[in-house]
Amino acid sequence: MKEKILIRIKNLERHYKSGEGIVRALDNVSFEIKKGEFVAVMGASGSGKTTMLRILGLMDFPTKGEYSVQGLNVEELPEEERTYYRLTQLGYVFQDYALMNEMSALENVYVLSLMEGKSKKEAIATAKEALNKVGLGDKGNRIPDELSGGEKQRVAVARAIAKKPMILFADEPCANLDTHTSEQVLEVFKILNEKFGQTIVMVTHEPWHTKYVSRIINLKDGKIVSDKRRRNGFN
Ligand SMILES: Nc1ncnc2c1ncn2[C@@H]1O[C@H](COP(=O)(O)OP(=O)(O)OP(=O)(O)O)[C@@H](O)[C@H]1O
Ligand SMILES: [Mg+2]
């Protein structure tokens, strides 16, 4: 089967104006991401990881360069279509789980689907399926305060995947978790990727996280310094 390219960026740049001049947060970056890849974006603090994720996730605009997603030229997308695409096709997980405390885990997962116009019955069914996928099928009634950090993050993952996004983006999803709970979250990502074919782009600092992924892109000062796919290991 022909491999399907979901994301294609070419000569991408993102400059920020700062007191001293211009920061090239992304400097001539090009790559493609295929359907089914689990990509780790790594690099030191300030190397441009979040900047890259925000552009790929349609939360920010590049200063220069080309970006197409599923063959659509992002630059040419009208704002409304861009927003619609972001809401329906892309999922996000951040460091702080951003759950609503007065709502149960299940409600946290289905509230967005309700806002998108799904019936309550359909929204609940989808949310339950997503909670099952992250291993929390039995904890849907708990509020976030009654869950561990790792469980909260898995609820956030369930919320992100409930709409069955084409790509799941995660910016340091384990930054606030200890090793053991990080493993549980990464294990969930791995299952989503391997069993359900979920394409994932995850920013991380931790070298040990790379054992879960299929590809590692390393950034330094806004440039790609290495890009390796797993064959038998990353050598
Ligand atoms: N809004 C902004 N205005 C000015 N400079 C910015 C802004 N956001 C990021 N930068 C700069 O761009 C560069 C890349 O930042 P970015 O947040 O992408 O790094 P990062 O790799 O995610 O770092 P960390 O690991 O600390 O999260 C840094 O030099 C940063 O100071
Ligand atoms: Mg960052």
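Readers should treat all values here as calculations from the given coordinates under stated rules, not as data from a laboratory. Everything numeric in this text was worked out from a predicted model, so none of it was measured. Cβ coordinates were reconstructed from backbone atoms using ideal geometry, including for glycine residues, and neighbour counts include every protein chain displayed.
Kindly indicate which of Lys195, Lys190, Lys211, Lys164 is more than 16 Å from ligand 2 (Cβ to nearest atom) and surrounded by 16 or more Cβ atoms within 10 Å (Cβ to Cβ).
Values: Lys195 fails: surrounded by 16 or more Cβ atoms within 10 Å (Cβ to Cβ); Lys211 fails: surrounded by 16 or more Cβ atoms within 10 Å (Cβ to Cβ); Lys164 fails: surrounded by 16 or more Cβ atoms within 10 Å (Cβ to Cβ).
It is Lys190.
Which numbered condition in (1) away from ligand 2 (no atom under 16 Å from the Cβ); (2) within 18 Å of Ala158 (Cα to Cα); (3) surrounded by 13 or more Cβ atoms within 10 Å (Cβ to Cβ); (4) of a type in the set (A, V, I, L, M) is the only one that Val93 fails?
Failing condition for Val93: (1).
In segment 95-143, how many are polar (S, T, N, Q) and farther than 21 Å from Ala170 by Cβ? Quick ask: steps written out before the conclusion?
Step one: filter segment 95-143 for residues polar (S, T, N, Q), giving 95, 101, 104, 108, 113, 119, 126, 132, 141.
Filter again for farther than 21 Å from Ala170 by Cβ, leaving 101, 104, 119, 141.
Adding up the residues that qualify gives 4.
If you go through segment 39-91 one residue at a time, how many are of a type in the set (Lys, Arg), within 16 Å of ligand 1 (Cβ to nearest atom) and within 30 Å of Leu186 (Cβ to Cβ)?
Number satisfying all stated conditions: 2.
Out of curiosity, is Lys35 closer than 29 Å to Lys211 by Cα and of a type outside the set (Gly, Ala, Ser)?
yes
Every residue in segment 171-206 that is in contact (Cβ under 8 Å) with a residue 40 or more places away in the chain and closer than 21 Å to Ala44 by Cβ, please.
Asp171, Glu172, Pro173, Ala175, Asn176, Val201, Met202, Val203, Thr204, His205
Would you check if Ser104 is touching a residue at least 24 places away in the same chain (Cβ under 8 Å), farther than 30 Å from Ala40 by Cβ and buried (at least 16 other Cβ atoms within 10 Å of the Cβ)?
Yes, satisfied.
Do any residues in segment 15-27 that are among the hydrophobic types (A, V, I, L, M, F, W, C) have Cβ atoms under 6 Å from those of residues that are part of a strand (DSSP E or B) and away from ligand 2 (no atom under 16 Å from the Cβ), where the two are at least six apart or on different chains, and which pairs are they?
Close Cβ pairs (under 6 Å, with a partner that is part of a strand (DSSP E or B) and away from ligand 2 (no atom under 16 Å from the Cβ)) amount to Ile22/His15; Leu26/Leu12; Leu26/Glu13.
Quick check: anything in segment 171-183 surrounded by fewer than 20 Cβ atoms within 10 Å (Cβ to Cβ), farther than 19 Å from Ala98 by Cα, within 19 Å of the chain's Cα centre (by Cα) and of a type in the set (D, E, K, R)?
Yes, there is a match, as at least one residue in segment 171-183 is surrounded by fewer than 20 Cβ atoms within 10 Å (Cβ to Cβ), farther than 19 Å from Ala98 by Cα, within 19 Å of the chain's Cα centre (by Cα) and of a type in the set (D, E, K, R).
For segment 107-128, which positions are out of contact with any Pro (no Cβ under 9 Å at 6 or more places or on another chain) and either in contact (Cβ under 8 Å) with a residue 40 or more places away in the chain or charged (D, E, K, R) (or both)?
Glu107, Val109, Tyr110, Leu112, Ser113, Glu116, Lys118, Lys120, Lys121, Glu122, Lys128
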